[in-house]
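Heads up, the thing below is written out as structure tokens.
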Amino acid sequence: VQLQASGGGLVEVGGSLRLSCTASGSVVFLGTMAWYRQAPGKQRELVASISRGGTPNEADSVQGRFIISKDNAKSTVYLDMNSLKPGDTAIYYCNARSALDDRINYWGQGTLVTVSS
């Protein structure tokens, strides 16, 4: 499985961005997909996830501002980010777990989001 993330960029405070992550390969075996982020000097943290059945879950820090969704026909998961803050600046990584063994993780290459004040 390969994950290709896109959509990062530079945005002003209060702005919006949409990240996309498209999976290729053995996508039929994918389970939960998620977005993580890592800010400079900080550990990688979970931002949002969406189950194989489509149940979304967003971290408290982004609740009400970020929305995760997916299009199964396109094997793509999205992260709509609104009301962006400087604290959202990070490299965002797409993640997918195997539906057969959730210890197996796949990672995308990361896309940089910079929120300027």
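The values are calculated or read from the model by the stated rules, or taken from the named source; none is laboratory data. On a predicted model such as this, the values are computed, not experimentally measured, just so you know. In this analysis, Cβ positions are derived from the backbone assuming ideal geometry, glycine residues included, and neighbour counts consider all displayed protein chains. Side chains included, ligands, DNA and RNA excluded: accessible areas come from the protein's heavy atoms. Shrake-Rupley method; radii C 1.70, N 1.55, O 1.52, S 1.80 Å.
General remarks:
- Condition check for D101: farther than 18 Å from S61 by Cα and either part of a loop (DSSP other than H, G, I, E, B) or out of contact with any helix residue (DSSP H, G or I) (no Cβ under 9 Å at 6 or more places or on another chain) (or both): yes
- The set of residues in the range 60-71 that are among the aliphatic types (A, V, I, L, M) and not in a loop (DSSP other than H, G, I, E, B) comprises I67, I68.
- Scanning the range 93-101 turns up one or more residues that are open to solvent by 60 Å² or more (accessible area, probe 1.4 Å), more than 15 Å from the chain's Cα centre (by Cα) and at pLDDT below 95.
- Hey, A48 open to solvent by less than 30 Å² (accessible area, probe 1.4 Å), within 18 Å of D102 (Cα to Cα) and either in contact (Cβ under 8 Å) with a residue 60 or more places away in the chain or assigned to a loop (DSSP other than H, G, I, E, B) (or both) or not: no
- For L10, the requirement of being farther than 25 Å from R103 by Cβ, touching a residue at least 40 places away in the same chain (Cβ under 8 Å) and open to solvent by 80 Å² or more (accessible area, probe 1.4 Å) is met.
- For the range 18-39, filtering for residues that are under 11 Å from the mean Cα position of the chain (by Cα) and exposed (fewer than 15 other Cβ atoms within 10 Å of the Cβ) leaves 1.
- The residue list S6, S26 contains one member that is at pLDDT below 95, under 16 Å from G108 (Cα atoms) and of a type in the set (S, T, N, Q), which is S26.
- Residue check for T76: in contact with a Cys (Cβ under 8 Å, 6 or more places away or on another chain), hydroxyl-bearing (S, T, Y) and modelled with pLDDT of 95 or more: yes
- Scanning the range 59-92 for residues being of a type outside the set (S, T, N, Q) and within 13 Å of the chain's Cα centre (by Cα) gives a total of 15.
- Looking only at the range 106-117, and only at residues there that are open to solvent by 60 Å² or more (accessible area, probe 1.4 Å) and at pLDDT 95 or above, the one that is nearest to K42 (Cα to Cα): L112
- Of the residues making up the range 72-92, those that are closer than 15 Å to I50 by Cβ, open to solvent by 20 Å² or more (accessible area, probe 1.4 Å) and either among the charged types (D, E, K, R) or in a strand (DSSP E or B) (or both) are K74, Y78, D80.
- Residue list for the range 57-70, restricted to those being open to solvent by 20 Å² or more (accessible area, probe 1.4 Å) and over 20 Å from S98 (Cβ atoms): E58, A59, D60, S61, Q63, G64, R65, I67, S69
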